[in-house]
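Student: One structure, as structure tokens, below. Some questions next.
Every read-out reported here was derived from the displayed coordinates using simple, explicitly stated rules and does not represent laboratory data. It should be emphasised that the depicted structure is a prediction, and the values quoted were computed from it without experimental measurement. Heads up, the Cβs are rebuilt from the backbone with ideal geometry, glycines too, and the neighbour counts pull from every protein chain shown.
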Amino acid sequence: MTSQNTPIRAGVVGIGWAGQQHMAAYDAAPGVELVAIAGMEDDVRAELSERYGIEATYRDWESMVARGDLDVVSVAVPTFLHAPIAIGALRAGAHVLSEKPIARTGEEGQAMVDAAREAGRVLEVVFNHRRRGDIEAIAAAVEDGTVGRPYHARSMWLRRAGIPALGSWFTNAEMSGGGPLVDLGVHVLDWTLHIMGEPRVTAVSAVTHAELGPRGLGGAVGGTKSGTDSAYEVEDLASALLRLEGGGSIMLETSWATHRATPDQFGITLYGTEGGADLKVEGYAPSGELTIFTGDGEEATDTPVTAPEGRGHGAVVERFLEHVRDEASWSQHDGGVGLSRARIVDACYASARQGREVRLDENGEILGD
Ligand SMILES: NC(=O)c1ccc[n+]([C@@H]2O[C@H](COP(=O)([O-])OP(=O)(O)OC[C@H]3O[C@@H](n4cnc5c(N)ncnc54)[C@H](O)[C@@H]3O)[C@@H](O)[C@H]2O)c1
């Protein structure tokens, strides 16, 4: 079903912002037919089916997954649905590309990884930010030795008033699994660990706050997420210190709502033994302000870098399709990266709840006392 000559039959669950990125990417990919979509907004579904010439549309994910003839299924729905849809699609024989985070918790993520292994299918999680040109430029500066051994990073994604629609599923703890930490923080974690060469996280100490959201403040203007009547049940700011195997460290900070200068800013400051890097991206600029620092004392060199724009979901979907076409690689793409991120997020929430540092074992699971 996945030879180079047979078209790959794709389905997408979720027709909000994220689902529409997957659709555009499948539509643009050679050798792929976008044959099915599912989502609850009737008008949007009709418009998308017309735009992409999609033969079958569904209101609920169950009927789409029950077809059993899809080669790949993208999951772009509220986070509490990631595990049931991904597991259902994997069992029906499809390869799955799930939106981030893999799931609400590591336990749910583990069930998805188990299902991928049992089905012998690919499971991948969308980490589109690591495919940005500026993030790739920092990763390359680590890989080619320019920054030496990276030992500390300050990484953040902070919004001033960017709660993705007050009242939407994002603010409902049961549906989302958490606030900015699980939503934006998981990207921050991913690009930072990716840049630093995937060091193991051995311990975390985190705090969370919910000061603006519960008072109805900090909602994104014009937010169009699904759901309108959820209470505000999650944090609006989180901060964490992560200890890494080998002595390295990461300071992570993320917010949906805080009184601060810029409306939306993310980036990383990286310190290595031979050099460093500083990236700031404001207002979702496709290429951020990046400087690479090398040398020392009088010979210090600051090199501004204009990185090419990344291709976001387009690049992620292309890579997923490459893996789907390469049967020998399937067992390497079992969702393990997404799961490792979920376990760190779990540990951050546990640490914040307990008011102390939480240690992680070799598998990334929280160590008991
Ligand atoms: N990678 C990124 O940059 C990025 C950006 C935004 C969102 N996301 C992720 O994408 C996912 C969706 O986020 P969004 O912003 O598109 O949300 P959204 O609220 O805009 O859209 C959610 C979609 O899920 C659909 N849905 C809900 N229940 C369903 C069901 N039972 N059957 C079928 N469809 C159902 C809704 O109808 C809606 O179309 C989340 O996991 C989010 O974390 C990722």
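Student: Using only alpha carbon pairs under 8 Å that are at least six residues apart, calculate the relative contact order of the stretch 257-318 and give it in whole percent.
Tutor: Relative contact order comes out at 22 percent.
Student: Looking at the chain, what % of its DSSP beta bridges pair antiparallel, to the nearest 5?
Tutor: Looking only at bridges with both residues in the chain, the antiparallel portion is about 60 percent.
Student: Give the order of Thr294, Thr254, Thr79 when sorted by the count of other beta carbons within 10 angstrom, beginning with the fewest.
Tutor: Final ranking by Cβ density, sparse to dense: Thr294, Thr79, Thr254.
Student: With +1 on each Lys and Arg Cβ and -1 on each Asp and Glu Cβ, how big is the dipole of the chain about its Cα centre, in debye rounded to the nearest 20?
Tutor: Magnitude of the dipole: close to 440 debye.
Student: Next question, about the same structure. For the stretch 8-128, what is the convex hull (Cα atoms) projected area averaged across all directions, in square nanometres?
Tutor: 6.6
Student: Right, something else. Sequence gap at least 6, Cα distance under 8 Å: using those rules, report the relative contact order of the chain to the nearest whole percent.
Tutor: The value is 20 percent.
Student: Quick one: order Met196, Met175 by neighbouring beta-carbon count within 10 Å, fewest to most.
Tutor: So the residues, fewest neighbours to most, are Met175, Met196.
Student: Could you work out the local net charge near Ala277, counting Lys and Arg as +1, Asp and Glu as -1, over the other residues with Cβ closer than 15 Å to its Cβ?
Tutor: Counting the neighbours of Ala277, the net charge comes to -3.
Student: When only C-alpha pairs under 8 Å and at least 6 residues apart count, what is the relative contact order of the stretch 97-166, in percent?
Tutor: This gives 26 percent for the stretch 97-166.
Student: With point charges of +1 on the Cβ of Lys and Arg and -1 on the Cβ of Asp and Glu, referenced to the Cα centre of the chain, which listed residue (Val221, Leu193, Gly295) lies farthest in the positive direction of the dipole?
Tutor: About the Cα centre, the residue reaching furthest to the positive side is Val221.
Student: What is the order of Trp17, Trp256, Trp61, Trp157, fewest Cβ neighbours within 10 Å to most?
Tutor: Arranged by neighbour count, lowest to highest, Trp17, Trp256, Trp61, Trp157 become Trp17, Trp61, Trp157, Trp256.
Student: Name the residue from Ala56, Leu90, Gln20 whose Cα lies farthest towards the positive end of the charge dipole of the stretch 8-128, charges +1 on Cβ of Lys and Arg and -1 on Cβ of Asp and Glu.
Tutor: Highest projection toward the positive end goes to Leu90.
Student: Sticking with this structure for a sec: Over 20 Å intervals from 0, what percent of Cα-Cα pairs in the chain sits in each interval?
Tutor: Percent of pairs per bin, in order: 29, 59, 12, 0.
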